[in-house]
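A short worksheet on the structure shown next.
The values are calculated or read from the model by the stated rules, or taken from the named source; none is laboratory data. Treat the numbers as computed from the prediction; the structure is a model and nothing was measured. When we count neighbours, we look across all protein chains shown, and the Cβ atoms used for this are built from the backbone with ideal geometry, even at glycine. Note: accessible area is taken over every heavy atom of the protein model, side chains too, but ligands, DNA and RNA are not part of it. Shrake-Rupley method; radii C 1.70, N 1.55, O 1.52, S 1.80 Å.
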Amino acid sequence: MALTGLFLISFLVVHATVNGMIFFNDGGVTFNEWAHFFGTNLLIRTMEIVLFLGLIAHVVDGLMLWSQNRAARPVKYAMEKGGANRSWYSASMGFLGTLILLFLVLHLWHFWVKTRFTGIEGYGVDAAGRENLFAVMQQTFRSPAAVIIYVLGCFSLFWHLLHGFKSAFQSLGINHSRYNGLIAMCGTAFSIIVPALFALMPISIHLNWIK
Amino acid sequence: MTKLDSKIPPGPIDRKWTDHKGHIRIVAPANKRRIDVIVVGTGLAGGAAAASLAEMGYNVKAFCFQDSARRAHSIAAQGGINAAKNYMNDGDSTYRLFYDTVKGGDYRAREANVYRLAEVSANIIDQCVAQGVPFARDYGGLLDNRSFGGVQVSRTFYARGQTGQQLLLGAYSALMRQVGKGAVQMYDRHEMLDVVIVDGKARGIIARNLITGAIERHGAHAVLLCTGGYGNVFFLSTNAMGSNVTAAWKAHKRGAFFGNPCYTQIHPTCIPVSGHHQSKLTLMSESLRNDGRIWVPKNLEDAKAIREGRKKGSDIAEEDRDYYLERRYPAFGNLVPRDVASRAAKERCDAGFGVNRTGEAVYLDFGAAIERYGKQQANIQKIDGPTKEKITELGRAVVSEKYGNLFDMYENIVGENPYDHAMKIYPAVHYTMGGLWVDYDLQTTVPGLFALGEANFSDHGANRLGASALMQGLADGYFVIPYTVGDYLADDIRTGPIDTKRPEFESAEKEVKDRISHFLNNKGTKPVDDFHRALGKVMWDKCGMARNAEGLKEAIQEIRRIREEFWKDVRVPGKADGFNQELEKAGRVADFLELGELMCMDALHRNESCGGHFREEYQTPDGEAMRDDAHFAYVAAWEWKGKAGEVELHKEPLTFDEVKLTQRSYK
Amino acid sequence: MGNMKLTLKVWRQGGPNDKGRIVDYPVSDVSEDMSFLEMLDVLNDDLVRKGEDPIAFDHDCREGICGMCSLFINGEAHGPGRGITTCQLHMRRFKDGDTIYVEPWRSTAFPVIKDLAVDRAAFDRIQAAGGFVSVNTSGNLVDGNALPIPKDDADKAFDAATCIGCGACVATCPNGSAMLFVAAKVSQLALLPQGKPESKRRALAMVEQMDKEGFGNCSNTGACEVECPKNISLEHIARLNREYLTATLTKE
């Protein structure tokens, strides 16, 4: 889980960086330029496959752990005070992961399927004459329902990362009193900044902060 | 009268063990595979013996009543383990450890055994270090030592306040290694309920599987009893709830003599009793006496005010405190041996100076230590003119580093912070020096039946020094029995497996089953604990810290009454074939009820005071124990004659060639 | 005698194959000086007098070191309070009128024997798989001081070695994982020079046995560390992870 998790975390950095280009607020020109580069570069396309494999591995691994862990305690406690010794989200990684996965299906349907398979020619071209992925975003986030789902997805991601980030280090054996604080701080910062950045996109597009 | 043969090897004391090892018979490796050994109990003695014998190639079956071999009560020993390493360069030596132990035992131990114990003590430390036991170390990376009661050198190795735990886990891990290899078959949650004698030799045991209730027969060429002490005869003691005498008592009833049953150690630093519900007493390690000062108020009015809650210990001015151990024993002060410290506490409380509600408690105060350490730390940390608060803070940190877990334990139980308020302590039953009589080879009077550790009458004479129980358990298990059992087993290489279908097994099993069915069909009215509590009270009042002939005679009558009522009126619910803790208790209490009487008889016959046995009739004018070496320098070994109370006394005279008998003085 | 009145909701189960259920027991005259187990003693005493079957529960030393006592009390292993076992839990932590749930450890690897007593032999099997230093008894070992061990390492090894094998970590873990137990032993021996030669083999063997026993997987919730009566740190799990990873990557 830790290795695939950290790999997916590294993807989030790339994804957030590329998408962050919309905040140039230049009608999506910079964003489309980056998106075009990432959509056509052979290396990136190969990594896309690796990414999917990583995601699948993360999900399958997670499902296996979930089923093993369930089998480890067939009779539940009549009274369990989980809050006394753990955070709810650290004990709900499977649930949060499932939410993220469901969101991901929708998200892929919204963007990835369109760019890769059905095509986005219908959205025209941007000022620089490139195919206009930005317009797809604008179109998608016109719906308030989509915005809400995206924001909820980001919340799930936040909780998932809040535990997942530092947990990955622990699983890899990286635990040292001198650096634990730093890891926890980075983890918390990352879990806030990245999902917040993502959440800001549908919100700002919907509210026409960026055009 | 049967002559007891202690089989002490000839020669000078420091050559006896080496020469003996060199001359006794051994079993060849190929033959060891044909020999089965049963080890009952998996504490320090049993765990160490089972592991060592399996390493040598014997087939070992190990039994314990707990759910895992790791839980034997050796685990609760806190303070440390003695060894004559002389790492501190303070004049320690094998001889000095030997001498201290014989003297501490008030000259009632067998010299040759004690010398051997001192001799192998250093090996124990090396063995444990090799197993990964995390002893306390100094910054240089070397092993640290501390001092303990009754001695003037620092020879005690320790692992914070959990030395017994660490040593036991070392032995347990060695044992589990053999279990993993298949060399030891482990039977946990099994209780030995009888020993089977075939043709005069111990050839197996009857055990109850505590989960299924099945009565099982197990045959072997030798049986080792490593089943600990019998302090629970007092109901309240620092022993674990399950600690019992059953294995040793069954052995006694099958012919093994019981040695010095009346020698009981009362530990001076335990948490006082809080009420009727009390199920056991908790020990505060003797190591606390290194830094804690024991006192009661000088004035009766102050003591009364404290008992009534009108005053606190801290309200009593320094000059109104009676540090009675320092006053009476200036040379050893708070570090006098356990028996001396316990009796002194009882003496003060009986005189009306007790400091808790029940009047049975004295203070163990760390105020002076906190201040001393605080000043020391201030110097080390170069703090100029530290405030009183700063000194206290620094001092507390040191005390917490040394004794933190004990202080936490105390606070949990008493609900009072011992850093702020002086601890209250009172003596409690802790260890029994008596046990199955064994010869130099640790063999009982029944051939093939050996007793190790606290279960035997041991090397401690009439009083055991602190940190010596761990030493003895491991010495017996690691370094004595592996040699001596071979000498016995050398005759058995052609015996072949023991047939458990023999009539001796049959009849022993029947006796066990009959007793169980008696309990379950008794239809009495009172739970087992009622009888145990009643027995405990008689024992504590009349065969406890101080005894007298009249009280002991009464006690014998009272115990007989309780025993009679027990068999008539005990109620044991549940079934035989399943997990039944009341049934387990009933069997154990039945044996305590017989043992208690023997203890009183032994105490009554020994018309002297020595070590843990204090007869009020025999004391010096200033209240110290008065031995009678002319008449009582012997081991009393009692032979069962078929019925409780019917016993024959055998004497093993004790001769002292190395140590001159004197009155112990810690002044 | 005390004056607290409590309602206990206790798991009763006749035997390993029986279906259990929660049974309510009112208890009165509870003193705050009693330990939790002494309170159960009082209840059992009463049950025996009434001719009922007393509640089976494991306990032995009653001073927090043998690891025999268990009990999931009011939703927490060893009940409320930190760094203590059930036998060290005193009734002053409860108040008059409280309702207290008392359940056995719940884990596939710890089947119930009766009522609140469970079988923890799985821990022994894990220990037998590799929780030791392979050294025979011998009177001829090197001197204990021949090999200096840095105080920090010795202290850390000791911290890990304080594990009492009670199983609270498993009982508490939402996944029923035994990682803290295994880590404590692996870490203790990996920290000491005596344990180093076989540290890789040990980590692999103990983890393999742990998995065989049906324990769940560690997801680093940290619940075990909080409930551990000996305050054993997650740091040791990280050390186990390191040992295990390097052992897996370098095994032949």
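Descriptive notes on the structure:
- Given (1) crowded, with 24+ Cβ neighbours inside 10 Å; (2) out of contact with any helix residue (DSSP H, G or I) (no Cβ under 6 Å at 6 or more places or on another chain), number of the condition C:ARG49 does not satisfy: (1)
- Taking segment A:15-37 as the range and being among the hydrophobic types (A, V, I, L, M, F, W, C) and without any contact (Cβ under 8 Å) to a residue 24 or more places away in the chain as the test, the residues that pass are A:VAL18, A:MET21, A:PHE24, A:TRP34, A:PHE37.
- So A:LEU106, is it surrounded by fewer than 17 Cβ atoms within 10 Å (Cβ to Cβ), in contact (Cβ under 8 Å) with a residue 40 or more places away in the chain and in a helix (DSSP H, G or I): yes
- Segment C:30-59 residues that are touching a residue at least 60 places away in the same chain (Cβ under 8 Å), paired with ones that are surrounded by fewer than 22 Cβ atoms within 10 Å (Cβ to Cβ) and among the basic types (Lys, Arg) (beta carbon under 6 Å, 6 or more apart): C:GLU32/C:ARG92
- Checking C:VAL207 against (1) more than 21 Å from A:LEU162 (Cβ to Cβ); (2) out of contact with any His (no Cβ under 8 Å at 6 or more places or on another chain); (3) touching a residue at least 40 places away in the same chain (Cβ under 8 Å), the condition it does not meet: (3)
Yes/no matrix, rows are residues, columns are (1) at pLDDT below 95; (2) aliphatic (A, V, I, L, M); (3) closer than 30 Å to B:HIS605 by Cβ:
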position: B:ASP499; (1), (2), (3): no, no, no
position: B:GLU511; (1), (2), (3): no, no, yes
position: B:ILE516; (1), (2), (3): no, yes, no
position: B:HIS532; (1), (2), (3): no, no, yes
position: B:GLU558; (1), (2), (3): no, no, yes
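- Residues that are more than 11 Å from chain C (Cβ to nearest Cβ), outside any strand (DSSP E or B) and under 30 Å from B:HIS605 (Cβ atoms) within segment B:253-302 comprise B:LYS253, B:ARG254, B:GLY255, B:ALA256, B:PHE257, B:ASN260, B:PRO261, B:CYS262, B:TYR263, listed in sequence order.
- Enumeration of residues in segment B:133-152 that are open to solvent by less than 10 Å² (accessible area, probe 1.4 Å), farther than 22 Å from B:GLY46 by Cα and either more than 7 Å from chain C (Cβ to nearest Cβ) or of a type in the set (Phe, Trp, Tyr) (or both): B:PHE148, B:GLY149, B:GLY150
- Within segment A:15-35, the set of residues being under 18 Å from A:CYS186 (Cα atoms) and open to solvent by less than 60 Å² (accessible area, probe 1.4 Å) comprises just one member, A:ALA16.
- Residues of segment C:200-238 classified as facing chain A (nearest Cβ under 7 Å) and either touching a Pro at 6+ places or on another chain (Cβ under 6 Å) or not hydrophobic (A, V, I, L, M, F, W, C) (or both), total: 9
- Meets criteria (among the charged types (D, E, K, R) and crowded, with 18+ Cβ neighbours inside 10 Å) for A:LYS211: no
- In segment B:539-572, the residues that are in contact with a Pro (Cβ under 7 Å, 6 or more places away or on another chain) and open to solvent by 20 Å² or more (accessible area, probe 1.4 Å): B:ARG571
- Qualifying residue in segment B:227-241 (condition: closer than 16 Å to B:VAL40 by Cα and surrounded by fewer than 24 Cβ atoms within 10 Å (Cβ to Cβ)): no
Here's the yes/no breakdown for (1) touching a strand residue (DSSP E or B) at 6+ places or on another chain (Cβ under 8 Å); (2) within 27 Å of B:THR432 (Cβ to Cβ); (3) among the aromatic types (Phe, Trp, Tyr); (4) assigned to a helix (DSSP H, G or I):
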position: B:VAL129; (1), (2), (3), (4): yes, no, no, yes
position: B:GLN166; (1), (2), (3), (4): no, yes, no, yes
position: B:ALA171; (1), (2), (3), (4): no, yes, no, yes
position: B:ALA202; (1), (2), (3), (4): yes, yes, no, no
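- Filtered residues of segment C:51-79 (kept if in a loop (DSSP other than H, G, I, E, B) and within 14 Å of chain A (Cβ to nearest Cβ)): C:SER70, C:LEU71, C:ASN74, C:GLY75, C:HIS78, C:GLY79
- Checked against (1) touching a residue at least 24 places away in the same chain (Cβ under 8 Å); (2) in a loop (DSSP other than H, G, I, E, B); (3) more than 12 Å from the chain's Cα centre (by Cα), C:GLY165 meets all criteria but (3).
- Considering B:ALA633, B:ALA625, B:ALA637, the condition of being assigned by TED's automatic domain parsing to the domain that holds B:MET539, small (Gly, Ala, Ser) and surrounded by fewer than 20 Cβ atoms within 10 Å (Cβ to Cβ) is satisfied by B:ALA633 alone.
- Among the residues making up segment C:150-173, those that are facing another protein chain (nearest Cβ under 7 Å) and touching a Lys or Arg at 6+ places or on another chain (Cβ under 9 Å) are C:PRO150, C:LYS151, C:ALA154, C:PHE158, C:ALA161, C:THR162, C:GLY165, C:THR172.
- Looking at segment B:351-469, the strands (runs of 3 or more DSSP E) lying wholly inside it that each contain 1 or more residues that are more than 23 Å from B:MET599 (Cα to Cα) sit at B:362-365, B:423-432.
- Scanning segment B:447-462 for residues being closer than 12 Å to B:ALA222 by Cα and open to solvent by less than 10 Å² (accessible area, probe 1.4 Å) gives a total of 4.
- Boolean, B:TYR87 is more than 30 Å from C:MET68 (Cα to Cα) and more than 9 Å from chain C (Cβ to nearest Cβ): no
- Residue within segment B:361-368 that is touching a residue at least 24 places away in the same chain (Cβ under 8 Å), surrounded by 15 or more Cβ atoms within 10 Å (Cβ to Cβ) and closer than 26 Å to C:ASN231 by Cα present: yes
- Among the residues making up segment B:307-320, those that are surrounded by 18 or more Cβ atoms within 10 Å (Cβ to Cβ) and either farther than 29 Å from B:PHE235 by Cα or modelled with pLDDT of 95 or more (or both) are B:GLY313, B:ILE316.
- Residues of segment B:642-665 that are assigned to a strand (DSSP E or B), over 20 Å from B:LYS16 (Cα atoms) and under 24 Å from the mean Cα position of the chain (by Cα): B:LEU649, B:HIS650, B:LYS651.
- Of C:ASP33, C:ASP45, all but one fail to be of a type outside the set (A, V, I, L, M) and more than 19 Å from B:ILE413 (Cα to Cα); the exception is C:ASP45.
- Complete set of residues in segment B:378-397 that are open to solvent by less than 100 Å² (accessible area, probe 1.4 Å) and in contact with a helix residue (DSSP H, G or I) (Cβ under 8 Å, 6 or more places away or on another chain): B:ALA378, B:GLN381, B:ILE383, B:PRO386, B:LYS390, B:ILE391, B:THR392, B:LEU394, B:GLY395, B:ARG396, B:ALA397
- Sub-6 Å Cβ pairs linking a first residue in segment B:87-104 that is under 24 Å from B:PHE135 (Cα atoms) and among the β-branched types (Val, Ile, Thr) to a second residue that is at pLDDT 95 or above and part of a loop (DSSP other than H, G, I, E, B), at least 6 apart or interchain, are B:THR94/B:ALA84, ordered by first then second residue.
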